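So the structure is just underneath, and the comments pick up after that.
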Amino acid sequence: MSHSLTEPTPDEYVSWREFLGATSTGALALVCLAVWLHAADSLIVATMLPSIVAEIGGAELVSWTVSIYEIGSIVAGAATALLTLRYGLRGPMSAAALLFGLGCALSALSPNMPLVLLGRALQGVGGGGLVAMAFVALAAFFPRRYAARALAVVSTFWGLSAFLGPLLGGLFVEYATWRIGFGFFALQALGLALWIALRPSDGAAPDQEVPSERFPVARLALLCLAVVLISYGGARIDALTTPLFVLAGLFCLLLFFRRDGSAGGDRLLPEAPLDPRHATGATFLMLLTLSMATVGILAYGPLLMTTVHGISALTAGYIVAASSIGWTLAAVSVSGAPERQDRIWIALGMGLSTLSIAGFAWSVPDGPVWLIALFAALEGGGFGLAWTFILRRITALVPEGEVARVSGAMPTIQRMGYALGAAYVGVVANLAGFLEIEGPAEAARVARILFLACLPLGLVGLVAMVGLVRRHPYDAKFERA
């Protein structure tokens, strides 16, 4: 690779002029287009979900529209490091875009919710692969000195997606159909697949030896099974089957981590991925639990807000999108910060995201609507403040041979958190009476219970964060400066 995020760099401010003049615009455009597809699709589906349920039913499977997408994303993301180390970026990334497009086409033609969910699974595989490979591309093509600025550009496209996604979703719902919305993204994804396949390679070929063993199908199947079992347990609450399915899912998840940890150089994830005693484990545990804690507003926010406050699907979509807009504004505003400030921004950002969960427990049931939007922006803004510096710090602390795994695993662990979080809030919501909602009062009660149940997960994430932000021997150079 021509550059690495682990290269030593001066700890000083980086101007936009310097960044844009020294980096590959082609690689940056590739990453941004991949992010646009993934982010805009997620938000347009959140906006169209009430219309989808009204036409084809499936209210009891609402949480699966997120969970099944995340299952596919997790599989693709977990395999990203191995795929890119073996085959480079162009082939796998083009295949991911193609799968995304096929998934959108299937959802567009679906007569019932189960087929929509199958399409969402394919979208998840494609979208998860695109995003995870985008992070690998950032590590491959941009030196540590420019990493924060590169991520700020990506975050800008994420924010653009946040603005246009709900708008497009609302337009499709009001003036066309949700099916055309899926078709719109199918065409974009197929175009992106061709663009990636036909453009000249930027040289992101494998640069280290990887084992030539069979693809780790068994481990990926365990990971899928874990999320499916937990999600299934939450779809229909029963005193006997729900605990059995959830416990079986957690067992499969633990078995996956155990088997992957003993796979040597063929690992999908870095060593000790959830051990808070190590920087990598602390980082991934923080991302996992905070992602679980914050997914409720995406999975159930639009349906609860339209019922409690009587707002339109478009308005609800924009409230959800405020999270991504907050992420973008925060990431861009601090992207020039020197490396010695990384720990401060990480702690501040994760603290704000946790605070937003308590805010949702208050504002979603009781309003006003603008306050829900404010807390959504705070939740995304917290991640935006921290994300760039989480990536920069953890890739500085791990051995160079682990950088590709860590870079690709970060969005994968986040998506794992979203999938498990969607399953968790599905259990909580259904236990609270979501399927028996008849009016605003019942919906408000469900909303309060749902977000309060997410708060302990956020607090666990804050405790895990200490393992990343505590002083490390690497920080000595900043103290000397």
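If you go through the stretch 120-141 one residue at a time, do you hit one that is part of a loop (DSSP other than H, G, I, E, B), closer than 24 Å to TRP158 by Cβ, open to solvent by 10 Å² or more (accessible area, probe 1.4 Å) and in contact (Cβ under 8 Å) with a residue 60 or more places away in the chain? Before the answer, list the steps.
Initial filter on the stretch 120-141 (part of a loop (DSSP other than H, G, I, E, B)): none.
No.
Kindly indicate whether any position in the stretch 181-200 is assigned to a loop (DSSP other than H, G, I, E, B) and modelled with pLDDT under 70. Show your work before the answer.
Here is the first cut: in the stretch 181-200, the ones assigned to a loop (DSSP other than H, G, I, E, B) are 199-200.
Then drop every residue that is not modelled with pLDDT under 70, which leaves 200.
Scanning the stretch 181-200 turns up at least one residue that is assigned to a loop (DSSP other than H, G, I, E, B) and modelled with pLDDT under 70.
Which condition from (1) within 16 Å of ALA46 (Cβ to Cβ); (2) at pLDDT 70 or above is the one that PHE163 breaks?
All conditions are met except number (2).
Against the definition (open to solvent by less than 10 Å² (accessible area, probe 1.4 Å) and not charged (D, E, K, R)), how does THR328 come out, yes or no? Steps first, answer last, please.
Numbers: open to solvent by less than 10 Å² (accessible area, probe 1.4 Å): no; not charged (D, E, K, R): yes.
Criteria not met by THR328.
Report yes if MET292 is on the phi < 0 side of the Ramachandran plot, over 16 Å from the mean Cα position of the chain (by Cα) and modelled with pLDDT of 85 or more, otherwise no.
Numbers: on the phi < 0 side of the Ramachandran plot: yes; over 16 Å from the mean Cα position of the chain (by Cα): no; modelled with pLDDT of 85 or more: yes.
Considered against the rule, which asks whether it is on the phi < 0 side of the Ramachandran plot, over 16 Å from the mean Cα position of the chain (by Cα) and modelled with pLDDT of 85 or more, MET292 comes out as no.
Whether any residue in the stretch 398-418 is touching a Gly at 6+ places or on another chain (Cβ under 6 Å), open to solvent by less than 20 Å² (accessible area, probe 1.4 Å) and modelled with pLDDT of 80 or more is what I want to check.
No; the residues of the stretch 398-418 include none that is touching a Gly at 6+ places or on another chain (Cβ under 6 Å), open to solvent by less than 20 Å² (accessible area, probe 1.4 Å) and modelled with pLDDT of 80 or more.
Being surrounded by 24 or more Cβ atoms within 10 Å (Cβ to Cβ), part of a helix (DSSP H, G or I), in contact with a Pro (Cβ under 7 Å, 6 or more places away or on another chain) and of a type outside the set (A, V, I, L, M) is the requirement here; does GLY317 meet it?
On the way: surrounded by 24 or more Cβ atoms within 10 Å (Cβ to Cβ): yes; part of a helix (DSSP H, G or I): yes; in contact with a Pro (Cβ under 7 Å, 6 or more places away or on another chain): yes; of a type outside the set (A, V, I, L, M): yes.
Yes, satisfied.
Somewhere in the stretch 440-459, is a residue farther than 15 Å from THR289 by Cβ, in contact with a Ser or Thr (Cβ under 7 Å, 6 or more places away or on another chain), open to solvent by 30 Å² or more (accessible area, probe 1.4 Å) and not small (Gly, Ala, Ser)?
Looking for residues that are farther than 15 Å from THR289 by Cβ, in contact with a Ser or Thr (Cβ under 7 Å, 6 or more places away or on another chain), open to solvent by 30 Å² or more (accessible area, probe 1.4 Å) and not small (Gly, Ala, Ser), one finds at least one in the stretch 440-459, hence yes.
Go through (1) surrounded by 19 or more Cβ atoms within 10 Å (Cβ to Cβ); (2) modelled with pLDDT under 70; (3) in a helix (DSSP H, G or I) for GLY265 and report which single condition fails.
(1)
Might you check whether a residue that is farther than 24 Å from SER324 by Cα and open to solvent by 30 Å² or more (accessible area, probe 1.4 Å) occurs anywhere in the stretch 29-38?
Narrowing the stretch 29-38 to residues farther than 24 Å from SER324 by Cα: none.
Among the residues of the stretch 29-38, not one is farther than 24 Å from SER324 by Cα and open to solvent by 30 Å² or more (accessible area, probe 1.4 Å), which makes the answer no.
Regarding ARG145, is this residue of a type in the set (Lys, Arg), at pLDDT below 75 and part of a helix (DSSP H, G or I)? Talk me through it step by step, then tell me what you get.
Values: of a type in the set (Lys, Arg): yes; at pLDDT below 75: yes; part of a helix (DSSP H, G or I): yes.
The answer is yes for ARG145.
Please state which one of SER2, SER63 is buried (at least 20 other Cβ atoms within 10 Å of the Cβ) and modelled with pLDDT under 70.
Details: SER2 fails: buried (at least 20 other Cβ atoms within 10 Å of the Cβ).
Exactly one residue qualifies, and that residue is SER63.
Determine which single condition TYR175 fails, assuming it passes every other condition in (1) modelled with pLDDT under 70; (2) surrounded by fewer than 20 Cβ atoms within 10 Å (Cβ to Cβ).
It fails just one condition, (1).
The values are calculated or read from the model by the stated rules, or taken from the named source; none is laboratory data. Please read all numbers here as calculations on a predicted model, not as lab measurements. Here the Cβ is made from the backbone with ideal geometry for all residues, glycine too, and neighbour counts use every protein chain on show. These area figures cover heavy atoms from the full protein model, side chains too; ligands, DNA and RNA do not enter into them. Shrake-Rupley method; radii C 1.70, N 1.55, O 1.52, S 1.80 Å.
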